[in-house]
Amino acid sequence: MNIVRNPAYMLLIVGCAHGLSSGQVIDFETFPDGTIPSDGQTISNQYEAAFGITFSLEDGTSPVIANVGSPLTAFQGFGGHDTPRPDINAGQTFLTDDGNLGPAPPPLVIDYSTPVRQASGIIIDIDFAEEWTVEAYDAKDVLINSIVLGAIGNGTGSPWVFDLAKPTIQRIRIRYTGGGGNSIGLAFDNFSPAAGFGPLAVAIETEGGCDTTCASNGVELIAAFVGGIPPFIFDWQEQVGKDIWSSIGSDPAILVTPRSSTTYRIVITDDKGESVTSEPYLLTVCESSPVFDADQDGDVDLVDFALFQAAFTGPTP
């Protein structure tokens, strides 16, 4: 089993609580009305009616939507420009500052229409002299709590949590407080309006949802998971006997080529040590008859050849 740790440049992912159900997440993939954000689109009050939350930058401008991949607008990440690690489960869009790398951006401000008592999130890839400070303010704009997150390593997630006795958080302010640099960008995603990150849960999926394949054909199994605190440890297993499982991989997805029907499962462990196991997943391998078994007796012999030749040449005059 291995922890998935891949390079990212400056990826910030935050979640906050708003007293709603734990299943609700703002991932910036769609707006509450179902429309899809576009690259570079300004974000301010699109989520206010549904979640009671507005976004802004402290210099009076607004953050914008960024798509995963090129062009480079926020960070140099896993495998390329603006690409999160697979275990972050960040989708294809996220929120960034002004969309240009440069000196430290103005703080991102999240305002609530109704005070909350909980907020949580993670900051990814705090390296070298980098540092982020997350602050909570009350309705009178008085600082009531703050968390400083220093460098812990490339691609590593740094979680933060506010959990107060009463709903007094009216504003969250996230600001860069680290050393100098001219290539700093913000990437903000998976914003949860419920307390914390929610319980960890996982299931196995395949491309197209097909659970049947033919022998020697490769099938990609994907760990479809929600909740938990990154980074995650993945342990793919196949059943080799009654209640006996063998580990076969440690990535978020795995390519398998079973010769016969095989049962798989995935075990995921998060940064807090919580571990969950998927339901067993049976991948059925279809069986085919020999190509030239003309008499359908289960083997290929001279009788099959004679029948094939007769069918091909036709009756003898």
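Some points to look at:
- When THR269 is tested against the conditions (1) farther than 30 Å from VAL161 by Cβ; (2) at pLDDT 85 or above; (3) of a type outside the set (A, V, I, L, M, F, W, C), the lone failure is (1).
- Only listed residue being polar (S, T, N, Q) and at pLDDT 80 or above, chosen from SER120, SER113: SER113
- Count of residues meeting criterion [among the acidic types (Asp, Glu), closer than 22 Å to THR114 by Cα and touching a strand residue (DSSP E or B) at 6+ places or on another chain (Cβ under 9 Å)] in segment 27-72: 3
- Within the set SER278, SER246, the sole residue that is under 30 Å from VAL226 (Cα atoms), exposed (fewer than 14 other Cβ atoms within 10 Å of the Cβ), at pLDDT 60 or above and of a type in the set (Ser, Thr, Tyr) turns out to be SER246.
- Flag if VAL240 is in contact with a Ser or Thr (Cβ under 8 Å, 6 or more places away or on another chain), among the hydrophobic types (A, V, I, L, M, F, W, C), under 25 Å from GLU205 (Cβ atoms) and modelled with pLDDT of 90 or more: yes
- Test: residue in segment 58-66 that is part of a loop (DSSP other than H, G, I, E, B) and hydrophobic (A, V, I, L, M, F, W, C): no
- Close Cβ contacts (under 8 Å, 6 or more residues apart or on different chains) running from residues in segment 112-125 that are in contact (Cβ under 8 Å) with a residue 40 or more places away in the chain to residues that are of a type in the set (Lys, Arg) comprise TYR112/ARG171; ARG117/LYS166; ILE124/ARG85.
- Taking residues in segment 127-145 that are in the same structural domain as ALA104 (by TED's automatic domain parsing), and partners anywhere that are aromatic (Phe, Trp, Tyr) and crowded, with 16+ Cβ neighbours inside 10 Å, the pairs with Cβ atoms closer than 7 Å and at least 6 places apart or on different chains are TRP132/TYR176; VAL134/TRP160; ALA136/PHE162; LEU143/TYR137; ILE144/TYR137; ASN145/PHE162.
The values are calculated or read from the model by the stated rules, or taken from the named source; none is laboratory data. Remember, it's a predicted structure, so these values are computed and weren't measured experimentally. In this analysis, Cβ positions are derived from the backbone assuming ideal geometry, glycine residues included, and neighbour counts consider all displayed protein chains.
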